[in-house]
1. Considering only residues that are surrounded by 15 or more Cβ atoms within 10 Å (Cβ to Cβ) and within 14 Å of another protein chain (Cβ to nearest Cβ), look in segment B:24-50 and name the one that is nearest to DNA strand C (Cβ to nearest atom).
2. Are any residues in segment A:151-160 more than 7 Å from chain B (Cβ to nearest Cβ) and touching a Lys or Arg at 6+ places or on another chain (Cβ under 8 Å), and if so, which ones?
3. Answer with yes or no whether residue A:73 is away from chain B (no Cβ under 14 Å) and away from DNA strand C (no atom under 16 Å from the Cβ).
4. Do the conditions hold for residue A:56, that is, is it within 14 Å of another protein chain (Cβ to nearest Cβ), of a type outside the set (Ser, Thr, Tyr), more than 15 Å from DNA strand C (Cβ to nearest atom) and in contact with a Leu (Cβ under 6 Å, 6 or more places away or on another chain)?
5. Any idea which of (1) within 11 Å of DNA strand C (Cβ to nearest atom); (2) farther than 23 Å from residue B:163 by Cα is the one residue B:16 doesn't satisfy?
6. Among what's in segment B:1-23 and is of a type in the set (A, V, I, L, M) and part of a helix (DSSP H, G or I), pick the residue that is surrounded by the fewest Cβ atoms within 10 Å (Cβ to Cβ).
7. Scan segment A:85-115 for residues that are among the hydroxyl-bearing types (Ser, Thr, Tyr), at the interface with chain B (Cβ under 9 Å from one of its Cβ atoms) and buried (at least 19 other Cβ atoms within 10 Å of the Cβ) and report the count.
8. Is it true that some residue in segment A:192-199 is among the hydrophobic types (A, V, I, L, M, F, W, C), at pLDDT 95 or above, at positive phi and out of contact with any strand residue (DSSP E or B) (no Cβ under 9 Å at 6 or more places or on another chain)?
Number of protein chains: 2
Amino acid sequence: MNADTRNRILMTAMELFWEKGYGSTSISDILSRSQVHSGSLYHFFPGKQDVLIGVLEAYRDGIEEWLLRPNWEGVDDPLDKIFALLAGYRTHLVLTECTYGCPIGSLALEIHEPDPRVRELLAANFTNWSAAIRGCLDGGSDRLPRDTDRQALAEYILTVMEGAVMQARTYRDLGYFDRNIAMLRQHFALLEREARAERTVN
Amino acid sequence: MNADTRNRILMTAMELFWEKGYGSTSISDILSRSQVHSGSLYHFFPGKQDVLIGVLEAYRDGIEEWLLRPNWEGVDDPLDKIFALLAGYRTHLVLTECTYGCPIGSLALEIHEPDPRVRELLAANFTNWSAAIRGCLDGGSDRLPRDTDRQALAEYILTVMEGAVMQARTYRDLGYFDRNIAMLRQHFALLEREARAERTVN
DNA sequence: CTCTTGGTTGAACGATCAATCAAGTCTCGG
DNA sequence: CCGAGACTTGATTGATCGTTCAACCAAGAG
């Protein structure tokens, strides 16, 4: 099996879904940009939705290599890693003049009646993301209050990222992202202070 | 001018954009559900995008009547109002079996290259929403730390709502919404405690 | 060499899309 | 009763959509 053509299709589809969304990306958009002919595409993918599934699988399998590792290079402190990841999204916003949107979040909101397979993959991508954050929180658990629900906090950080990106993109203004992250930082500062207070009591 | 037909078109388009999104809603979807013929629609709206603009204007102008007033009935405390509004979104999620999405947020993420008018209206809707929250925060400012950036905090609450709805919808699980709101409540609890500490010092 | 398998080519298909428009009906002022 | 503007009707248009398919090609197996 020729994995080269298949990969070119997937890479191109990733780009286009990110730029224009799933619905607004036509098969012929994918074909012309990837220099592949329709017969080849349909040789590898039964239909358009299967291209989407392939893209979501690629995101799912590539989170470590393409998202976490680049953003965590040289960052050791587990709680710093969280804000380093968020800074990575900020960089994307800067580079795209606040046009960037989280590809998973955009697809999750665009696709209203998803095929179960698609929905599961969207959820799996969210789960992988918050699991990575969860790992950071566990690593820094000594600086958080003892009764912190670290899973919920990880999901909450995903929420803040998605909402912050959404607003920055809608307003075309990085300030909305920065202020949101500042609020999250404040929440963390309060949590860490609380944790210190707990420790001095004992 | 016959505002009845125009309104029926707008109401139907609101429903459909919310159910299926903008791109996946065809003009003929709107026509068949609203019992209007294409000529009438194009008599009132130059094109599909102008229907979207009409819908966004209706949301903008109806926030008080359709969103705030119903959710704030019988709620006086300004900070309680914030969580009453969030509870309203929770109710929508319950009633739709976690299929609900914030219509503005969904459109904001779906439409990737928006016409300036559309983008401005999406932003205006966000601004109105956070302005309402901002009003609550101002009303309860005596229970918040003195240096609180209440505008940023209002935007942050919008962020949390959007992210929480997004996750609950993607997972089809209300728990994701509830845990997110619980985290926000915790943040507020910490802020209020801080404010109390400030007051006792003086 | 032939046969098979995996992959490519690109014209073509039916469906659906947003949008048009000429002809018609309604309403109301004069 | 007339005329004019507001609104409705619905067939129709050309573009574009996702998808299909028969013919073709390249390379390895026997």
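1. B:48
2. A:151, A:154
3. Yes, satisfied.
4. Values: within 14 Å of another protein chain (Cβ to nearest Cβ): yes; of a type outside the set (Ser, Thr, Tyr): yes; more than 15 Å from DNA strand C (Cβ to nearest atom): yes; in contact with a Leu (Cβ under 6 Å, 6 or more places away or on another chain): yes.
Yes.
5. Against the list (1) within 11 Å of DNA strand C (Cβ to nearest atom); (2) farther than 23 Å from residue B:163 by Cα, residue B:16 comes up short only on (2).
6. Result: B:3.
7. Total meeting the criteria: 1.
8. There is no residue in segment A:192-199 that is among the hydrophobic types (A, V, I, L, M, F, W, C), at pLDDT 95 or above, at positive phi and out of contact with any strand residue (DSSP E or B) (no Cβ under 9 Å at 6 or more places or on another chain).
The values are calculated or read from the model by the stated rules, or taken from the named source; none is laboratory data. Note that the coordinates shown come from a computational prediction; the quantities given were computed from them, not determined experimentally. Every residue, glycine among them, receives a Cβ derived from its backbone with ideal geometry; neighbour counts consider all protein chains shown.
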